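> First the structure, then my questions, so here it is.
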Number of protein chains: 2
Amino acid sequence: MWLRRAVARSQPGYVSLKGGAVKQVLALSGGVGGAKLSLGLERVLPAGALHVLVNTGDDFTHLGLHISPDIDTVLYTLAGRANQAQGWGLEGESWNTMEAMALLDGETWFRLGDRDIATHLWRRSQLDAGQDLAAVTQDLARRMGVKSHIYPMCRETVRTVVHTDEGDLPFQHYFVRRQCEPRVRSFEFEGLAAARPDPDVLALLASDDLGHIVVCPSNPFVSIDPVLQVPGMWQALRDHAAPVILVSPIVDGMAIKGPAAKMMAELRVPVTAAGVARHYAERYPDLVDHFLIDDSDAKLTDEINRLGLNAVCTATVMTTLEDKMRLARTCLSLEM
Amino acid sequence: MWLRRAVARSQPGYVSLKGGAVKQVLALSGGVGGAKLSLGLERVLPAGALHVLVNTGDDFTHLGLHISPDIDTVLYTLAGRANQAQGWGLEGESWNTMEAMALLDGETWFRLGDRDIATHLWRRSQLDAGQDLAAVTQDLARRMGVKSHIYPMCRETVRTVVHTDEGDLPFQHYFVRRQCEPRVRSFEFEGLAAARPDPDVLALLASDDLGHIVVCPSNPFVSIDPVLQVPGMWQALRDHAAPVILVSPIVDGMAIKGPAAKMMAELRVPVTAAGVARHYAERYPDLVDHFLIDDSDAKLTDEINRLGLNAVCTATVMTTLEDKMRLARTCLSLEM
């Protein structure tokens, strides 16, 4: 693998970002954390140079709608319409459909905002008309004025099931309905064996136009694992000449957002950036080149380096847009 | 037919409303006009004695939702939640989903209110779960606190197509999108030949508990014709002992609401209550016993009587709830 990369880098036409010319960037993303870094990447790259490959294991059918929570978080974030305080959904959202659903004694545990519902209705109607999720996602991005390319991790249906001490739960039932309360034993991605990487993403990987691969600070177990475990996916990323840069979702022993830390504790993985590094090193050997950890975790550098990942300390917590852009620039400054 | 009715009336157990005991009432309804009289009937009958058989030829799939406009108008009206000024939809409605749909450059010609969407989402999810439209309608009525029984005209899919001088149009495209502008040549009810009357309605007709059949002042061509033309339906109504009372949707040469008058003109039917009477007399011989026309149309009495319908003059325009209840009482005062 390292040899292939060295060969690829020596080919004519490969120009690093440092060299001035800009190549394409592929980001792997779940929801909020991934969307934040994707926004930073988009803002420091020329329009259209960012490609975001998004987890769809969280997708589910609810009230007849096809809900793609991670895709929508990325779409809304890149469209500048995300509700940042809430961490999901649209800014300035209203909840009249849910109120009426409550009057019907219908299901309201998964809160669908009135404006958000337009997205789901559009997606549903396009899927019903025979479009696949990749085409619908591309169409939605265009309609929202998003210049980056957003891809579902695959076009097949994959559903994350959480094996817990209270039995098996579909992901959204675990995550939203049960608020991650049951203890996690393991995860299963139903349908994953029959999935294949998005052809457009494979074409990007084959084109040699790709300069960097960024694994965003999303949940390793339920956001990034499904993307990487689409058959052939992580190997294709590993074998590409571009450096793979992973950003830690764990900072100072805590997850910035979501249940990653709680899951790690329940899976008896150390709740540290080093625990994250070990997960990637064991599950995806030689995939990750650089592992960005927060300055507050500098003490873990040696431990991470021993796992074969090159630890890079920086400020990884993204609060402002400037934080996101600075972290994006750091990612893109790293070479093999 | 007349003989069978006479026999039926002489059977023990048949007690007229005048006699004090209350039997069940079956109303045939389209949208607004039918819902108004249904509300009047409900208010003058004991809880649960009203059965409303509703046109579903206007139903359509839109943005992945199953929309049943006439059923919803009846449901919302009987639930006391109809937007009376607008003539459709819910009172106090908001339009945020449609605004967001417009931002997506999606379809907004059929206005779906935020609260209304909850009904459609619930219906969609229940249909997807394998319930039929009759069960879902019954369930929605219960959830809205409606005590009357509401039935789709059949459980099969029937779609009204309007043959116009601009070609064939699905009903809602003619009615809403094109605002009834194209000239009508004829109507077709796709799927009707394979439909059959709702089994619960047939059971009601077979039970001898039915005291009156009321054909509400809905559009004869696109609201009542589809209901009556479900194979076997109008003959079953004709053969029942209960009197069939038709209320004219045309008053003084005009339709109270909707395109009935325009359609009659384009179909070269006189735009009068007599024109309505002729339509029923020719298409459904011996079905209608009494034809309620507005006092303003008293001059048409002889013409209507000659068609074999017994014209009854009364105030048929329903503005207030009292109007609706008075018209309902007049309907229920009529015997064979």
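What follows is calculated from the coordinates using simple rules that are stated; it is not laboratory data. Keep in mind it's a predicted model, so treat the numbers as computed, not measured. We place every Cβ from the backbone using ideal geometry, glycine too, and count neighbours over all the protein chains shown.
> Project the alpha carbons of the range A:28-149 onto their principal axes and report the range along each, largest first, in whole Å.
Reported extents, whole Å, longest axis first: 48, 36, 24.
> Using +1 on the beta carbon of Lys and Arg, -1 on that of Asp and Glu, and nothing else charged, what's the dipole of the protein assembly as shown about the Cα centre, debye to 20?
Taking the Cα centre of the protein assembly as shown as origin, the dipole is about 120 debye.
> Please find, among residues of chain A, the one with the beta carbon closest to the rotation axis relating it to chain B, distance in whole Å.
For chain A, the closest residue to the axis carrying it onto B is A:Asp114, 2.
> Oh, and also: For the range B:50-143, what does the relative contact order come out to in percent, with C-alpha contacts under 8 Å and a separation of six or more?
Answer for the range B:50-143 is 20 percent.
> Along the range B:24-40, what does the Karplus equation 6.51 cos²θ - 1.76 cosθ + 1.60 (θ = phi - 60°) give for ³J(HN,Hα), rounded to whole Hz, x for Gly and Pro?
Values per residue, Gly and Pro as x: 7, 10, 10, 10, 9, 9, x, x, 4, x, x, 5, 4, 5, 4, 4, x Hz.
> Which FRET efficiency value, to the nearest 0.05, do you get for B:Arg142 and B:Asp200 by plugging their Cβ-Cβ distance into 1/(1 + (r/R0)^6) with R0 = 22 Å? Working shown, then result.
Details: r = 14 Å, r/R0 = 0.65.
Efficiency, from the Cβ-Cβ distance: 0.95.
> What are the label-to-label distances in nm, one decimal and shortest first, from A:Gly167 to the same spot in the other copies, with labels 7 Å along Cα to Cβ?
Copy-to-copy label distances at A:Gly167, shortest first: 5.3 nm.
> In addition: State which entries of B:Lys23/B:Lys257; A:Lys257/A:Lys324; A:Lys147/A:Lys262; B:Lys299/B:Lys324 exceed 27 angstrom in Cα-Cα distance in the structure shown.
Over 27 Å Cα-Cα: B:Lys23/B:Lys257; A:Lys147/A:Lys262.
> How long are the semi-axes of the equivalent ellipsoid of the range B:146-272, taking √(5λ) for every eigenvalue λ of the Cα gyration tensor, in whole Å from largest down?
They are 28, 18, 12 Å, listed from largest to smallest.
> Sorting A:Val247, B:Val288 on the 10 Å Cβ count, fewest up front, what's the list?
Numbers: A:Val247 28, B:Val288 24.
By the 10 Å Cβ count, ascending: B:Val288, A:Val247.
> Would you kindly compute the Cα radius of gyration of the protein assembly as shown and its largest Cα-Cα separation (Dmax), both in Å?
That works out to 32.2, 104 Å for Rg and Dmax.
> Which translational diffusion coefficient, to the nearest whole µm²/s, is obtained for chain B from the Stokes-Einstein equation, given a Kirkwood hydrodynamic radius over C-alpha pairs, 10 °C and 1.306 mPa s?
Details: Rh = 20.2 Å.
Result for D is 79 µm²/s.
> Also: So, R0 is 51 Å and r is the distance between the beta-carbons of B:Glu99 and B:Glu190; what FRET efficiency does that work out to, to 0.05?
Given R0 = 51 Å and the Cβ-Cβ separation, E is 0.95.
> Give the order of A:Val52, A:Val271 when sorted by the count of other beta carbons within 10 angstrom, beginning with the fewest.
A:Val271, A:Val52
> Something else about it: Each residue of the range B:163-168 in order: what ³J(HN,Hα) in whole Hz does its phi give by Karplus 6.51 cos²θ - 1.76 cosθ + 1.60, θ = phi - 60°, with x for Gly and Pro?
7, 10, 6, 10, x, 7
> What are the ³J(HN,Hα) couplings of the range A:143-151, residue after residue, when phi is run through the Karplus curve with 6.51, -1.76, 1.60 and θ = phi - 60°? Round to Hz, x for glycine and proline.
Each residue's phi maps through the Karplus curve to give 5, 8, x, 7, 8, 6, 9, 10, 10 Hz.
> Given springs between every Cα pair under 10 Å in a Gaussian network model of chain A, which of A:Ala311, A:Ala203, A:Ala82 has the largest fluctuation?
Judging by the Gaussian network model, the answer is A:Ala203.
> Now for a separate question. How do A:Ser223, B:Ser68 line up, fewest other C-beta atoms within 10 Å first?
Result, fewest neighbours first: B:Ser68, A:Ser223.
> Next up: How many angstrom lie between the Cα centre of the range B:96-146 and the Cα centre of the range A:107-185?
So the two Cα centres are separated by 19 Å.
> Ok, one more. Taking amide H atoms as placed 1.01 Å from N in the peptide plane, list the residues 5 or more away in sequence, or in a different chain, whose amide H sits under 5 Å from that of B:Leu28.
It is B:Leu53, B:Val214, B:Val215, B:Cys216, by chain and number.
> Please express the Cα-Cα pair-distance distribution P(r) of the range B:246-336 as a list of whole percents, one per 10 Å bin, running from 0 to the bin with the greatest distance.
Over the range B:246-336, the share of Cα pairs per 10 Å bin runs 18, 49, 30, 3 percent.
> Which translational diffusion coefficient, to the nearest whole µm²/s, is obtained for the range B:85-199 from the Stokes-Einstein equation, given a Kirkwood hydrodynamic radius over C-alpha pairs, 10 °C and 1.306 mPa s? Each step should come with its number before you reach the end.
Details: Rh = 16.6 Å.
This corresponds to a translational diffusion coefficient of 96 µm²/s.
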